[in-house]
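Structure, as structure tokens:
The values are calculated or read from the model by the stated rules, or taken from the named source; none is laboratory data. All values reported here derive from a predicted model rather than from experimental measurement. Ideal geometry is used to build each Cβ from the backbone, glycine not excepted, and the neighbour counts take in all protein chains shown. Side chains are part of the model used for accessible areas, which takes the heavy atoms of the whole protein and leaves out ligands, DNA and RNA. Shrake-Rupley method; radii C 1.70, N 1.55, O 1.52, S 1.80 Å.
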Amino acid sequence: MIRMKALSASSLNRYWHNWLSRRLPANSEITLAHKSIFILPTGFGLFWLLLVVVLFLFGTNYQNNLVIGLSLLLLSVFNTCIIYSYRNLAGMTLQAKNAPNVYAGETVLFPIEISAPQVQCQVRLSYKHNPIRSIERVDEHKQLTLIAFDNARRGWLDPGRLKVESRFPLGLCRAWSHIDLDNRQIVFAAPKLSHTALKRDQKNKPADSLQGSATIGVEEFKHLRPYVIGEPLNQIAWKQLAQGRGMLTKEFDQPTGEPQWLVFDPTRPDLEQQLSEMTWMVDTLSQHNKIFGLRLPTQTLLPGCGNHHRVACLKAIATYGTVTQAGTKPQTKVEPQTKVEPQTKVEPQTKVEPTPDE
């Protein structure tokens, strides 16, 4: 019996999500309209309707026109609240923005930009099982609000559908909508201190103090700096000079020694511990401006440095062996993260091409 109830509840829940997906498809920007707004009486509204019925029966039983008129007045107020409840959400536009990067165990803040063609009051936004964000006033001026989402795991995070709710003006009716802003993001693994030595290559050679550092050279562009008299003319940034930015010199970097490698050890049983340690290593190496590469069983990132390389490594670590943690949509976007291995196999081929030409 209990199992049948569980199956019926799960089937109803699945049907509800499928119906919402057809009626309110996912989109990064959604404007609420009659198709996406639902209205039902609140508990106070049901008590109000019960009072209307009691007063009407009392007035008709005792032939008291004053009581009958009062019941009709209360009923008209209820009907007016239905219209105002709908107007308080109709036309509201919600647009998802890029969320800041966070680590597992931290509260994820999803930024949402809200605006409305007319003044709307007492709007509440929330994700399921998460705190409610109340907004007292929404108008034509776009305002950015942050919706909190508690999360304790790494990988892809899909917050699911956002509930937009209002009980304005008298709390008799509850107007709400469940929208999907398609704003899933990657949560990095929680960093943990690690004393594991880095590997120079697949032969597990120990890393020295200069490995992965950079010196002034001519290999990779670093930045622009003011021109100093006597420097070679071929290093002058002529494009910036033509734009009126003055004489600038291009400065390049070249690595000292062989780059460092963060290599995943598949023999270790503690998967999450190892990924957390690798996250800490990536942050530490990036803070010291080291050049390093990342090698996972399903993906390899070539050595690099800078914040862009750091974020790419943290995303690869966070999504290793995971799928979206919440939501009901099929996760087809995760596949490119695990299909990078064929790209890494192309690198040796591109390096061998010059050999026949020589």
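Summary of values
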item	result
Any hit, the stretch 65-74, residues being touching a strand residue (DSSP E or B) at 6+ places or on another chain (Cβ under 7 Å), open to solvent by less than 30 Å² (accessible area, probe 1.4 Å) and not in a loop (DSSP other than H, G, I, E, B)	no
Selection within the stretch 119-145 - open to solvent by 40 Å² or more (accessible area, probe 1.4 Å) and touching a residue at least 40 places away in the same chain (Cβ under 8 Å)	Q122, R124, L144
Near pairs, Cβ below 6 angstrom, 6+ apart or cross-chain, from the stretch 170-186 (at negative phi) to any residue that is in a strand (DSSP E or B) and open to solvent by 40 Å² or more (accessible area, probe 1.4 Å)	C173/I39; C173/P41; R174/L40; A175/I39; H178/K163
Of the criteria (1) over 20 Å from A190 (Cα atoms); (2) open to solvent by less than 30 Å² (accessible area, probe 1.4 Å); (3) without any contact (Cβ under 8 Å) to a residue 24 or more places away in the chain, which one Q274 fails	(1)
Output for the stretch 105-118, where each listed residue is among the polar types (S, T, N, Q), open to solvent by 60 Å² or more (accessible area, probe 1.4 Å) and over 28 Å from R310 (Cβ atoms)	Q118
Any hit, the stretch 215-226, residues being in contact with a Gly (Cβ under 9 Å, 6 or more places away or on another chain) and either at pLDDT below 50 or open to solvent by less than 30 Å² (accessible area, probe 1.4 Å) (or both)	no
Residue in the stretch 118-130 that is more than 25 Å from H178 (Cβ to Cβ) and β-branched (V, I, T) present	no
Selection count, the stretch 18-45, where residues are assigned to a helix (DSSP H, G or I) and either among the hydroxyl-bearing types (S, T, Y) or open to solvent by 100 Å² or more (accessible area, probe 1.4 Å) (or both)	3
Complete set of residues in the stretch 85-104 that are assigned to a loop (DSSP other than H, G, I, E, B), open to solvent by less than 60 Å² (accessible area, probe 1.4 Å), modelled with pLDDT of 90 or more and out of contact with any Ser or Thr (no Cβ under 6 Å at 6 or more places or on another chain)	A90, G91, M92, V102, A104
All positions within the stretch 128-144 that are acidic (D, E) and in a loop (DSSP other than H, G, I, E, B)	D139, E140
The listed residue being at pLDDT below 90 and either touching a Ser or Thr at 6+ places or on another chain (Cβ under 8 Å) or closer than 19 Å to D265 by Cα (or both), out of A207, A152, A189	A207
Complete set of residues in the stretch 279-303 that are surrounded by fewer than 18 Cβ atoms within 10 Å (Cβ to Cβ) and farther than 19 Å from S194 by Cα	P297, T298, L302, P303
Test: residue in the stretch 174-194 that is under 20 Å from the mean Cα position of the chain (by Cα), in a strand (DSSP E or B) and among the charged types (D, E, K, R)	no
